[in-house]
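Only the coordinates and a few stated rules stand behind these numbers; no lab work does. Model, not experiment: these values are computed from the prediction. A quick note on method: Cβ atoms are made from the backbone with ideal geometry, for glycine too, and the neighbour counts reach across all protein chains shown.
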Amino acid sequence: MQLYSFYNSSTSYRVRIALALKGLSVDYQGVNLRAGEQRQNDYRALNPAAGVPLLVDDEGNGLGQSLAIIDYLEALHPEPPLLPAEPLLRARALELANLIACDIHPVNNLRVRNYLANELSLSEDQQERWYRHWIAEGLAAAEALLVRHGFGDYCFGDAPTVADCCLVPQVANGIRMNCDLTPYSRVMAVYQHCQRQPAFQQAAPDQQPDFAS
Ligand SMILES: N[C@@H](CCC(=O)N[C@@H](CS)C(=O)NCC(=O)O)C(=O)O
């Protein structure tokens with residue numbers, strides 16, 4: 001399998017965590033988002049959505065969208081499961097994953113930030129306020145859900161799920177962008193626990209072949 005990824009991309013990071021948890025290796029293909037490689041015609045031919053991640057399986061099938069990729073990996077390699085078997089717990093894990101993937105990440109995606117800067121001419125300060133606002137609103141909701149329904153060392157229990165695959169990269173983005181994360185103590189406790197686990201360490205941005213400090 002090949003994984004088209006950018007080291008600092010949180011959506012790629014989700015998939016890298018899932019791959020590492022399942023013990024799967026991939027041929028890593030770096031796509032430099034800062035250089036705009038995702039918008040070049042040869043990459044768009046692979047992924048019309050012009051983003052990372054993109055998984056190409058052993059039969060040559062290309063698949064975009066991090067949650068669809070994780071679902072595909074789960075179907076092909078069910079162990080260890082990233083979606084709990086118990087229906088409500090499975091829905092809780094997906095609820096948190098979707099909160100991050102659908103409500104937080106898209107509004108702070110690179111193409112949105114480029115539009116704010118280049119088309120709407122927002123200042124650096126306004127762009128940072130935008131970023132921090134959506135992180136604060138989204139992580140407050142994640143914190144409330146985890147306080148209400150979470151348990152164990154991970155989001156939902158003593159084993160990682162798709163919720164942890166999404167939470168860790170989103171928190172990493174918040175740290176990188178100097179957001180105040182102190183109000184989200186349960187979120188941060190899960191993040192810190194995950195940071196100590198080898199699969200999460202292996203998937204981290206600074207462990208990727210295209211890492212540029
Ligand atoms: N919903 C997609 C989002 C993919 C996506 O847009 N990823 C970002 C990186 S985190 C990207 O490639 N952005 C490029 C851009 O905005 O131009 C997913 O979950 O995979």
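Spin-label model, R176/E137: points 7 Å from Cα along the beta carbon direction are separated by 2.2 nm.
What share of the DSSP beta bridges in the range 1-145 is antiparallel, in percent to the nearest 5?
Numbers: 6 of 10 bridges.
Counting DSSP beta bridges with both partners in the range 1-145, the antiparallel share is about 60 percent.
Other residues lying with their Cβ under 14 Å from the Cβ of A101 contribute a combined charge of -3, Lys and Arg counting +1, Asp and Glu -1. Taking 37 °C and 0.692 mPa s as the conditions, I'd like the Stokes-Einstein D for the range 87-199 in µm²/s, using the Kirkwood hydrodynamic radius from alpha carbon pairs. Estimated via Stokes-Einstein, D reaches 225 µm²/s. Contact order for the chain, expressed relative to its length and based on alpha carbon pairs under 8 Å spaced 6+ residues apart, stands at 26 percent. Positive end of the dipole of the range 2-80 (Cβ unit charges, origin at the Cα centre): among L21, P53, A35, the Cα lying farthest that way belongs to A35.
Arrange the following residues from fewest to most other Cβ atoms within 10 Å of their Cβ: R44, R186. Don't skip to the end; give the middle numbers.
Details: R44 12, R186 16.
Taking fewest neighbouring Cβ atoms as first place, the list is R44, R186.
Between the residues V107, L82, T161, the greatest Cα displacement towards the positive end of the dipole of the chain, with unit charges on the Cβ of Lys, Arg, Asp and Glu, is found for V107.
At 222 nm, what value in deg cm²/dmol follows for the chain if DSSP H runs of at least 4 each add -39500 (n - 2.57) and the sum is divided by all its residues, to the nearest 500? Kindly include the intermediate steps, with their values, before the conclusion.
Numbers: 9 runs with 108 residues, N = 213.
My calculation for the chain gives -15500 deg cm²/dmol from helical runs alone.
Tell me which chymotrypsin sites (Phe, Trp or Tyr not before Pro) from the range 123-213 have a DSSP coil assignment and no more than 13 other beta carbons within 10 Å of their own. Listed in order of number, the matching sites are F211. Restricted to Cα atoms, the range 1-83 shows a radius of gyration and a Dmax of 12.2, 37 angstrom. The packing ranking, built from the mean of other Cβ atoms within 10 Å per residue, places the peptides 28-39, 88-99 in the order 88-99, 28-39, highest first. Hydrophobic, long helices, defined as DSSP H runs whose alpha-carbon span along the helix axis is 30 Å or greater and whose mean Kyte-Doolittle value is at least 0.0, do not occur in the chain. Taking only the C-alpha atoms of the chain, Rg followed by Dmax gives 16.7, 48 Å. Computed about the Cα centre, the dipole magnitude for the chain is approximately 340 debye when only Lys and Arg (+1) and Asp and Glu (-1) carry charge, each at its Cβ.
In this Cβ point-charge picture (+1 for Lys and Arg, -1 for Asp and Glu), the range 2-80 has a dipole of about 420 debye about its Cα centre.
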